[in-house]
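Engineer: Mind looking over this structure? Questions follow.
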Amino acid sequence: MKLFSSLLTFPKGGIHPPQHKLTAGFRISPAPLPMRVRLLVSQHIGAPARIVVAKGQRVDRGSLVAEASGFVSAPVHSPISGTVTDLSPVRTSSGSMADCITVTASEADHQADIESPLYLNPIRTDEEIDALSQDDIRRMAASAGLVGMGGAAFPSHVKLSPPAGAAIDCLIVNGAECEPYLTCDHALMLAWPAEVVAGARLLMKAAGAPRCVIAIEANKPDAISVVSQAALLFPEVEVVSLRVKYPQGGEKQLVRAVTGREVPSGALPSSVGVVIQNVATARALWRAVAHGEPLIERVVTVTGPSMARPGNYLVAIGDSLESVASLAGGIPDDTGKIVLGGPMMGRSAEVLDAPVVKGLSGLLAIPESQAVRPPVKPCIRCAACVGACPMGLQPYLLANLAARRMFDDAASEGAADCIECGSCSYICPAARPLADWIRVGKRAVIAAARRRN
């Protein structure tokens, strides 16, 4: 294990919003198992999972209820024992309808799950784990339904299967957690540092990388310390401290900070020999391989300035957002907006009677006084957005082109390279919703490219 003392970062742009890490250092609190879960078949990037259960069928905790329907897809498992009571679509947090499997537990099912918890003991010895091949680990990641748990929810086995000819020489485990308010990854590293390191070593093997870097922002010195201790026996694992700057956890920014390599426009980190996975995904892979545990629960930060009991909660996939909010005392009366994820890249929730998904990192209650956008004013040509953009783009120009539906020009100016971090909107003194306009333009540019191909 090597520990880098200097702070690494990316060279272009970035901002320093107030951190508001109200729950930093809070231990993980397990949420009660729900009596009912609603499991969306599409809670990942890629093809929706295919339902493999029937209404009225009994399932056990950890049972497969929907299988992957293609290579870029992920299966879904039930976090509770019970009966499939509905296969009808439900409303998601965005307000749209989506296919869903509802599992309801009886009192007997519920009590049995509580009294006989699964996945406590390993199912494989260290020797058996060491003997696993690259393909074995990829298959286990796929069958456990693992996805990127930093928010994107891209199926993990796909990332671990880079294109032919891509020589992967570095695995980066992302522990930056640069979004304000969020501390779920911080809490996970404090609670299970050895499992994070063990999972990172499995990810290394699956990706074919001889080197692993666990990258953590410097505002988490306790996490850096315990993860470094857990990695002491493994010289192939490095722990690096990142400068506190947003969006330090962006993939291209992380590659640049850690390796000095620039990911080309339109390319993935694998094009420069790097694979990136989140710390929670690393830990989930260890649980899947060593304990046979599919991805049926995750840590979620439930927070906000007025929350009665903000914290980091271990919740079942498929539980309701309303139930998750109740863990922290419920939605405060002064709330003006609920954001799922962080305040910079998260999305507002239109519905709270909606299920938790694998990529949910946080539930943030923003007071009304902070939720209302100030009036939009004319651009003053200050170029603050240009200085803040971590991709070196010209956000004011891209936003204007998108607003005028000049999508071909937006494509020429690099709209598809926008990572939607929101730095431009945050820094704009005229309160212009630059990121929103650019997002519209980016979608149009990508759609046009797909039609041409």
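Engineer: Checking Ala142 against (1) in a loop (DSSP other than H, G, I, E, B); (2) surrounded by 21 or more Cβ atoms within 10 Å (Cβ to Cβ); (3) small (Gly, Ala, Ser): exactly one of these is not met. Which one?
Structural biologist: Looking at each condition in turn, Ala142 falls short on (1).
Engineer: Can you report the number of residues in region 145-188 which are under 14 Å from Leu295 (Cβ atoms) and either without any contact (Cβ under 8 Å) to a residue 60 or more places away in the chain or part of a loop (DSSP other than H, G, I, E, B) (or both)?
Structural biologist: 8
Engineer: Shifting gears a bit: Say we look at region 378-416 and pick out the residues that are of a type in the set (S, T, N, Q) and out of contact with any helix residue (DSSP H, G or I) (no Cβ under 6 Å at 6 or more places or on another chain); which of these is farthest from Arg451 (Cα to Cα)?
Structural biologist: Asn400
Engineer: Pro269 passes all but one of (1) crowded, with 24+ Cβ neighbours inside 10 Å; (2) more than 27 Å from Ile338 (Cβ to Cβ); which number fails?
Structural biologist: (1)
Engineer: Now for a different question. Within region 396-435, restricting attention to residues that are closer than 25 Å to Ala267 by Cβ and touching a strand residue (DSSP E or B) at 6+ places or on another chain (Cβ under 8 Å), which residue is surrounded by the most Cβ atoms within 10 Å (Cβ to Cβ)?
Structural biologist: Step by step, filter region 396-435, then rank; the result is Ser423.
Engineer: Across region 415-429, what is the total count of residues that are under 12 Å from Pro390 (Cβ atoms) and either at pLDDT below 95 or assigned to a loop (DSSP other than H, G, I, E, B) (or both)?
Structural biologist: Number satisfying all stated conditions: 5.
Engineer: Looking at region 160-181, which of its residues are more than 14 Å from the chain's Cα centre (by Cα) and either surrounded by fewer than 24 Cβ atoms within 10 Å (Cβ to Cβ) or small (Gly, Ala, Ser) (or both)?
Structural biologist: Residues satisfying the conditions are Ser161, Pro162, Pro163, Ala164, Gly165, Ala166, Ala167, Ile168, Asp169, Cys170, Pro180.
Engineer: So Ile15 passes all but one of these: (1) buried (at least 16 other Cβ atoms within 10 Å of the Cβ); (2) touching a Leu at 6+ places or on another chain (Cβ under 9 Å); (3) not polar (S, T, N, Q). Which condition number does it fail?
Structural biologist: For Ile15, the failing item is (2).
Engineer: Can you name the number of the only condition in (1) among the β-branched types (Val, Ile, Thr); (2) closer than 25 Å to Leu120 by Cβ; (3) in a loop (DSSP other than H, G, I, E, B) that Val244 fails?
Structural biologist: Against the list (1) among the β-branched types (Val, Ile, Thr); (2) closer than 25 Å to Leu120 by Cβ; (3) in a loop (DSSP other than H, G, I, E, B), Val244 comes up short only on (2).
Engineer: At pLDDT 95 or above, part of a strand (DSSP E or B) and among the hydrophobic types (A, V, I, L, M, F, W, C): which single residue out of Leu398, Leu393, Leu363 fits that description?
Structural biologist: Exactly one of Leu398, Leu393, Leu363 is at pLDDT 95 or above, part of a strand (DSSP E or B) and among the hydrophobic types (A, V, I, L, M, F, W, C), namely Leu363.
Engineer: Considering (1) out of contact with any Lys or Arg (no Cβ under 8 Å at 6 or more places or on another chain); (2) in contact (Cβ under 8 Å) with a residue 60 or more places away in the chain; (3) part of a helix (DSSP H, G or I); (4) among the small types (Gly, Ala, Ser), say which one Ala215 fails and leave the rest.
Structural biologist: In the conditions (1) out of contact with any Lys or Arg (no Cβ under 8 Å at 6 or more places or on another chain); (2) in contact (Cβ under 8 Å) with a residue 60 or more places away in the chain; (3) part of a helix (DSSP H, G or I); (4) among the small types (Gly, Ala, Ser), Ala215 misses (3) alone.
The values are calculated or read from the model by the stated rules, or taken from the named source; none is laboratory data. Quantities reported herein were computed from a predicted structural model and do not represent experimental measurements. Note that we place each Cβ from the backbone using ideal geometry, even for glycine, and neighbour counts take in every protein chain shown.
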